[in-house]
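Below is one structure, written out as structure tokens; comments come after it.
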Amino acid sequence: MLDEYKRCVEACYLCAAACDHCATSCLDEENVEMMRECIRLDMQCANTCRLTAQFMALNSGSVQQLCQFCADICQQCAQACQQHQHQHCQQCAQACQRCAEECRKMAA
């Protein structure tokens, strides 16, 4: 893997793990209906982050476009998670924001 991708790949995988944890934890909350959008975005974000990291590892010519898309999804997920006071949502929002920042650097 190219060194220039290392920080972004790491941020993507950490974000995917945080999103997976958040989605699973949201399912255990009392009002799951209220968590629906958070869970949906967690799943989309986790999958996008893993795909983006994989494309960077493959040194794909589509990295810039995919990183921009990943940054957008991460930002949406962070905004959804920030609306909830649960610790797993707050931690997920932080991971998403970090990943969005790293992906924006790669997309630039």
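Using the structure shown, decide if Arg98 is within 13 Å of Ala11 (Cα to Cα), open to solvent by 80 Å² or more (accessible area, probe 1.4 Å) and modelled with pLDDT of 95 or more.
So Arg98 fits the description; yes.
Any residue in region 4-26 that is aromatic (Phe, Trp, Tyr) and touching a residue at least 40 places away in the same chain (Cβ under 8 Å)?
Yes, the conditions are met somewhere in region 4-26.
Please pick out the residue among Gln87, Gln54, Gln68, Gln64 that is open to solvent by 70 Å² or more (accessible area, probe 1.4 Å) and over 15 Å from Cys8 (Cα atoms). Give the steps one after another, and end with the answer.
Numbers: Gln54 fails: over 15 Å from Cys8 (Cα atoms); Gln68 fails: over 15 Å from Cys8 (Cα atoms); Gln64 fails: over 15 Å from Cys8 (Cα atoms).
On inspection, the qualifying residue turns out to be Gln87.
Looking at region 25-55, which of its residues are at pLDDT 95 or above and of a type in the set (A, V, I, L, M)?
Across region 25-55, the qualifying residues are Ile39, Leu41, Met43, Ala46, Leu51, Ala53.
Scanning for something more than 16 Å from the chain's Cα centre (by Cα) and among the hydrophobic types (A, V, I, L, M, F, W, C), does region 48-59 turn up at least one residue?
Looking through region 48-59, at least one residue is more than 16 Å from the chain's Cα centre (by Cα) and among the hydrophobic types (A, V, I, L, M, F, W, C).
Listed residues Asp28, Asp20, Asp42; which is open to solvent by 100 Å² or more (accessible area, probe 1.4 Å) and farther than 14 Å from Arg104 by Cβ?
Asp28
So how many residues does region 60-82 have that are within 27 Å of Asn31 (Cα to Cα) and over 16 Å from the mean Cα position of the chain (by Cα)?
The total comes to 0.
The values are calculated or read from the model by the stated rules, or taken from the named source; none is laboratory data. Here the structure is a predicted model, which means the values were calculated and not measured. We place every Cβ from the backbone using ideal geometry, glycine too, and count neighbours over all the protein chains shown. All accessible areas refer to the heavy atoms of the entire protein, side chains included, with ligands and DNA or RNA removed. Shrake-Rupley method; radii C 1.70, N 1.55, O 1.52, S 1.80 Å.
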